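A.B. asks: First, the structure itself, so that you have it in front of you.
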Amino acid sequence: MSFVELKAALSLAIVFICRMLGLFMVLPVLSLFAEDLQGASPSLVGLAIGAYGFTQAVLQIPFGWLSDRWGRKPVILLGLSIFMVGSLLAAQATSIEGVIVGRILQGCGAIAGAVTALMADLTRDQHRTKAMAMIGMGIGLAFAIAMVLGPLVSSAWGLSGLFVSNALLALVAMLVTVLLVPTPVIRRRDLNSSVDRLGVRQVFASVELLRHIFGVFSLHFVLMALFVFLPELLSREFGPSDHGVIYLAAMGGSFVLMVPLIIFSERQRLLKQCYCLAIAMLSVAFTLFGTVNATLLLVGLLVFFFAFNFLEATLPSLVSKLAPAGTRGTVMGVYSSCQFLGAALGGSIGGLAMEYGDVTGTTVLCIIATALWCGLSVTMRQPPCVSTMVMALHPELRDMHSVDEQLSGIAGVQEVTVLPAEKTAYLKVDKHVLDRTALQRFGQY
């Protein structure tokens, strides 16, 4: 990667981290401050936890389309501005309704599509996968930091101070966008970063893809439902100042356990088995949460985050493997919308379950959701051992139809989509048998 590409990748990853930190920091503490808000009830607290997901689900794809017309940076700055206004509104709120409105506005800053499109504009085809991976790692890092930072900030400055910190993070992201993110000279067409309007329907025609789209919906459904009752359970056994340490230990331990499992599942080609095991572990975690034992509560927390982090890392990879070459942007657009819809409904329905069924009702709800997901997953086919590759074709190549056929004939190449005008090829390859020498005759990857 060139210096400009590395600068673009790192700065846009920082933008993502700042925004996701603001959304996630509220999760481990909001239910603890509910008694200080007028009109608060478990159902409304659950709605406040997941409210951002409704607007994220609705606006995720439209914001990406707007960036095609208005430009990437203006749309990103608009989204961050809306996020800042929502944070400040929630910081001033004295009622749970005010917090809900603030969270809805926070979700209106749906800039994921615009950020990935800008990344495509600023990076060459052969380096784009690495740049996108930096953003993906940034999101995972943001979640881990938020679980620790949220309790620390709220214990020092309260819920209002937490939302003010969200606004400051949005301001930092805006400054990074203006001062550090390079301005693209050209706008590139990238099928892995943009959503094709006509292709959205095709996503729902694939049973295997639908399994995993339902999977990410379920995963974020149970995540939001968890934070409706988990902070209260921890408060019964531990002091508020201990929550940050507990989350740090659980997240750290889960990452230590998760990485070897990911490596093992890929190398041994046992991804389906490990995937189903992780879903089952979510049910085990919620069963442990239903006990009244402090030790089992901590074990459940470790088991949950271990399974959650493994699935959160594995699901995008699975979806990418199953998406036809050149449709990843469309598939991931639908995937992200369903992810946020799961978060919205998880908080809302989880809050209702908490209000009318207490912790037992909420844990039963989550066990049912994970059991349905597990039932769908045990019948799935073993995922193909393929990787997505974007290739910049040599400028001297003329007959693109011939190039398409020749690339398809190379050992290890399973699917090919060529954009003749951009001289770009999107490939699905099995890297274990790929003839790299033959492939390099056509371009760089």
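A.B. asks: I need Arg19, Arg441 ordered by Cβ neighbour count within 10 Å, fewest first.
C.D. replies: Sorted ascending by nearby Cβ count, the order is Arg441, Arg19.
A.B. asks: Rounded to the nearest 500 deg cm²/dmol, what is the calculated helix-only ellipticity per residue at 222 nm for the chain, with -39500 (n - 2.57) per DSSP H run of length n ≥ 4?
C.D. replies: Taken over the chain, the calculation gives -25000 deg cm²/dmol.
A.B. asks: A further question on this structure: Using θ = phi - 60° and the Karplus form 6.51 cos²θ - 1.76 cosθ + 1.60, what ³J(HN,Hα) does each residue of the stretch 383-389 get, whole Hz, x for Gly and Pro?
C.D. replies: Those phi angles translate into x, x, 8, 10, 10, 8, 9 Hz.
A.B. asks: Using Cβ contacts closer than 10 Å as the measure, can you line up Phe143, Phe264, Phe3 from fewest to most?
C.D. replies: Exposure proxy ranking, most exposed first: Phe3, Phe264, Phe143.
A.B. asks: Convert each backbone phi in the stretch 54-61 into a coupling constant with the Karplus relation 6.51 cos²θ - 1.76 cosθ + 1.60 (shift: θ = phi - 60°), then list the ³J(HN,Hα) values in order as whole Hz, x for Gly and Pro.
C.D. replies: In residue order, the calculated couplings are 4, 6, 4, 5, 6, 9, 4, 6 Hz.
A.B. asks: Right, here's the next one. For the stretch 248-362, what class follows from the C-alpha gyration tensor (a ≥ b ≥ c being the square roots of its eigenvalues): rounded when a/c is under 1.5, otherwise prolate if a/b is larger than b/c, else oblate?
C.D. replies: Here the stretch 248-362 falls in the oblate category.
A.B. asks: Something else now. Using Cβ contacts closer than 10 Å as the measure, can you line up Leu105, Leu168 from fewest to most?
C.D. replies: The fewest-first ordering by Cβ neighbours comes to Leu168, Leu105.
A.B. asks: Multiply the residue gap between Ser402 and Glu35 by 0.36 nm, knock off their C-alpha separation, and tell me the result in nm, one decimal place.
C.D. replies: Gain on extension, Ser402 to Glu35, equals 125.3 nm.
A.B. asks: Sequence-distant or interchain residues sharing an amide H contact under 5 Å with Glu415, placed H: which?
C.D. replies: Hits under the 5 Å cutoff: Lys428.
A.B. asks: With the Cα gyration tensor of the stretch 387-444 in hand, give its eigenvalues times 5 under a square root as the equivalent ellipsoid semi-axes, listed largest first in whole angstrom.
C.D. replies: Whole-Å semi-axes of the equivalent ellipsoid: 17, 11, 10.
A.B. asks: Give me the Å³ per residue figure for the convex hull around the C-alpha atoms of the stretch 1-190.
C.D. replies: That works out to 102 Å³ per residue.
A.B. asks: With angles folded into 0 to 90 degrees, how steeply does helix 271-289 sit against the dominant principal axis of the chain? Use alpha carbons for both and round to 10.
C.D. replies: Approximately 10 degrees, to the nearest 10.
A.B. asks: ³J(HN,Hα) across the stretch 256-263 via Karplus (A = 6.51, B = -1.76, C = 1.60, θ = phi - 60°), whole Hz, x for Gly/Pro?
C.D. replies: Here the 3J(HN,Hα) series is 4, 7, 5, 4, x, 5, 4, 4 Hz.
A.B. asks: May I pose another question? Above 34 Å lies some portion of the pair distances; for the chain, what is it as a whole percent of all C-alpha pairs?
C.D. replies: In whole percent, the share of Cα-Cα pairs in the chain beyond 34 Å is 32.
A.B. asks: Also, I was wondering about something else. Using a cut-off of 14 Å between beta-carbons, work out the net charge of the residues near Cys374 (Lys and Arg +1, Asp and Glu -1, Cys374 not included).
C.D. replies: Its environment carries a net charge of +2.
A.B. asks: Over all directions, the average projected area of the alpha-carbon convex hull for the stretch 315-445 comes to how many nm²?
C.D. replies: Mean projected area of the Cα convex hull: 10.0 nm².
A short reminder: the numbers here are calculations on the coordinates, not readings from a lab. These figures come from a predicted structure and were not determined experimentally. In this analysis, Cβ positions are derived from the backbone assuming ideal geometry, glycine residues included, and neighbour counts consider all displayed protein chains.
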